[in-house]
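The values are calculated or read from the model by the stated rules, or taken from the named source; none is laboratory data. Keep in mind the model is a prediction, meaning the values are calculated, not measured. Cβ placement follows ideal geometry from the backbone for every residue including glycine, while neighbour counts extend to all protein chains displayed.
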Amino acid sequence: MIIRNGVVVLASGPARLDIRTRGEILVELAADLMPEQGEEVIDATGLLVLPGFIDSHVHFREPGGTHKEDFLSGTRAALAGGVTTVLDMPNTSPTTDSRAHLAEKIALIAPKAVVDYGLYLGATDTNIEEAASLVDEVAAMKLYMGSSTGSLLVTEFSPIYRHFSTFPLDKPIVVHAEDEQSLKYFGALGSQDHNQSRPPVSAQIALSRALAIAEKTGRALHIAHTTTQRELELIQEARQKGVRVTCEVTPLHLFLSEEDQHRLGNFGKVNPPLRSKSDQAALWRYFDVIDTIGTDHAPHTREEKNQPYEKAPSGMPGVQTMLPLLLTAASEGKVALEEIVKRCVVNPARIFGLETKGALEVGKDADIVLVDPQQTYTLTDEQMLSKCGWTPFAGTKIQGKIQQVYVRGDISYRHNACVNSPGSGRLLCYTKSSPYR
Ligand SMILES: [Zn+2]
């Protein structure tokens, strides 16, 4: 197949190039490619040609929460959002914290996935050796220093230190950095304002602790959902000292603030919370420090969100809206397209060791998204393919519309519909001896 006449967004910037794919692989990238006999030609005149996005932070709720998402609905929402690879979090029920639970999860989700996927292993107080033995079969480890959705939590020094020093050092441990003791303290004060009951200082304390232990152990550390200027300053400083730390922001925190939380009520409740306008602005100002944009796609039903503040779960969906929101920001001159591609494709592939992914480059998987940059539309709840059926961005005007998505060379989304079959998504991290492929 040839994709002709489009503007290809490389990590170095947009370029007028044609793309040739053969089977699942991108095999040529050059100006004015001539079709071979019988070769399919896609005319991308006027379109942007982007690499498929990698969302390194999703919660697709399987097993245990399939009333609000399963791996089919979640990966379909991803596909519709131009995301062709997802890394799924372990705070399911049961939690993905052992070889047996990992195998159970893969058996459930493999027949459903319509995009490629890797899985996180959850850290517990006791699974230190078993977790390390699974390093090649997962994308990374996830360690919750503060309570969020689900039961995964590691707060004591000993298990944190042992995980940091035992899990192979080059594979990142992704940390949810909110300090449990301070969350308990502030939570008990009874504020209904989420940014007051989980204030920035809780993130700062946990982050400082994680950075110190990463420095001591020399391990790769990835900080999930940074939300404040202070965190980015600490990360920048640690990096200058040689600490192997990378970090993520979510579109939620880039595009929403605590004012939106007040407007959205529990539907805007997320951990860590939406922050002040000035912290939101700092995420854009410190964009250089940020390595990845991950959505923290965390669907909950309307019924769950409509409970009283204390009972309503935290999290918002986002896998389908990330690329549209970032395209819109690019059209407004807020960020360059190649800076988006670095944070949503190049860097996540590098950090999580996804060797077949990472850019529109010869030899990589032909994960391709065609976008009409001229088309505008408004986001609605009805467009959302997530089972939860709502988005905090309903009503937002979008510049740029996803036309087609290819997963490993296969047309998977077009005319606003997912057209590939459940089970066509592939597990990305496995060992030769592992039974899953
Ligand atoms: Zn999360």
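Summed over region 257-281, the residues that are of a type outside the set (Ser, Thr, Tyr) and either more than 15 Å from THR226 (Cβ to Cβ) or surrounded by fewer than 21 Cβ atoms within 10 Å (Cβ to Cβ) (or both) give a count of 14. Restricting attention to region 309-319, the residues that are more than 16 Å from PHE53 (Cα to Cα) and in contact (Cβ under 8 Å) with a residue 12 or more places away in the chain total 7. Regarding ILE351, is this residue at pLDDT 95 or above and within 23 Å of VAL41 (Cα to Cα)? Here the answer is no, as ILE351 does not meet what is asked.
Among the residues of region 293-319, the ones that are more than 16 Å from the ligand (Cβ to nearest atom) and assigned to a loop (DSSP other than H, G, I, E, B) come to 8 in all. Applying the condition of being in contact (Cβ under 8 Å) with a residue 60 or more places away in the chain and in contact with a helix residue (DSSP H, G or I) (Cβ under 9 Å, 6 or more places away or on another chain) to region 141-165 and asking which residue is nearest to GLU215 (Cα to Cα) yields MET145. Within region 72-116, being under 24 Å from LEU152 (Cα atoms), in contact with a Phe, Trp or Tyr (Cβ under 8 Å, 6 or more places away or on another chain) and either part of a loop (DSSP other than H, G, I, E, B) or within 16 Å of the ligand (Cβ to nearest atom) (or both) holds for GLY74, VAL86, LEU87, ASP88, MET89, PRO90, ASN91, THR96, ALA110.
Tally the residues that are of a type in the set (Gly, Ala, Ser) and crowded, with 24+ Cβ neighbours inside 10 Å, restricting the search to region 23-79. Summing the residues that are of a type in the set (Gly, Ala, Ser) and crowded, with 24+ Cβ neighbours inside 10 Å in region 23-79 gives 5.
A quick yes/no check of all residues on (1) under 13 Å from the mean Cα position of the chain (by Cα); (2) closer than 19 Å to SER148 by Cα:
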site: THR295; (1), (2): yes, yes
site: PRO313; (1), (2): no, yes
site: LEU323; (1), (2): yes, no
site: PHE352; (1), (2): yes, no
site: LEU360; (1), (2): no, no
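Rundown of residues vs (1) modelled with pLDDT under 95; (2) over 28 Å from ILE42 (Cα atoms); (3) not in a strand (DSSP E or B), yes/no style:
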| residue | (1), (2), (3) |
| --- | --- |
| LEU327 | no, no, yes |
| GLN374 | no, no, no |
| LYS387 | no, yes, yes |
| LYS401 | no, no, no |
| GLN404 | no, no, no |
| SER421 | no, no, yes |
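Number of residues in region 117-140 that are of a type in the set (A, V, I, L, M), farther than 24 Å from ASP70 by Cβ and either without any contact (Cβ under 8 Å) to a residue 40 or more places away in the chain or touching a Phe, Trp or Tyr at 6+ places or on another chain (Cβ under 7 Å) (or both): the value is 4.
Could you go through region 320-333 and let me know if any residue there is crowded, with 20+ Cβ neighbours inside 10 Å, touching a helix residue (DSSP H, G or I) at 6+ places or on another chain (Cβ under 8 Å), under 30 Å from GLY187 (Cβ atoms) and touching a residue at least 12 places away in the same chain (Cβ under 8 Å). There is at least one residue in region 320-333 that is crowded, with 20+ Cβ neighbours inside 10 Å, touching a helix residue (DSSP H, G or I) at 6+ places or on another chain (Cβ under 8 Å), under 30 Å from GLY187 (Cβ atoms) and touching a residue at least 12 places away in the same chain (Cβ under 8 Å). From the list GLY353, GLY400, GLY423, GLY395, the lone residue that is touching a Ser or Thr at 6+ places or on another chain (Cβ under 9 Å), in contact (Cβ under 8 Å) with a residue 40 or more places away in the chain and small (Gly, Ala, Ser) is GLY400. Within region 336-348, residues that are within 21 Å of ASP88 (Cα to Cα) reach no partner that is assigned to a loop (DSSP other than H, G, I, E, B) and polar (S, T, N, Q) with beta carbons closer than 6 Å at six or more positions or on different chains.
Yes or no: region 215-238 includes at least one residue that is of a type in the set (Asp, Glu), in contact (Cβ under 8 Å) with a residue 40 or more places away in the chain and within 14 Å of the ligand (Cβ to nearest atom). No. Taking region 271-292 as the range and being in contact with a Cys (Cβ under 8 Å, 6 or more places away or on another chain) and more than 16 Å from the ligand (Cβ to nearest atom) as the test, the residues that pass are VAL289, ILE290, ASP291.
Of the residues making up region 175-186, one or more are hydroxyl-bearing (Ser, Thr, Tyr) and surrounded by fewer than 23 Cβ atoms within 10 Å (Cβ to Cβ).
The set of residues in region 82-125 that are within 25 Å of GLN404 (Cβ to Cβ) and of a type in the set (S, T, N, Q) comprises THR84, THR85. Each residue in region 194-229 was checked for being in a loop (DSSP other than H, G, I, E, B) and more than 19 Å from GLY242 (Cα to Cα), and 7 of them qualify.
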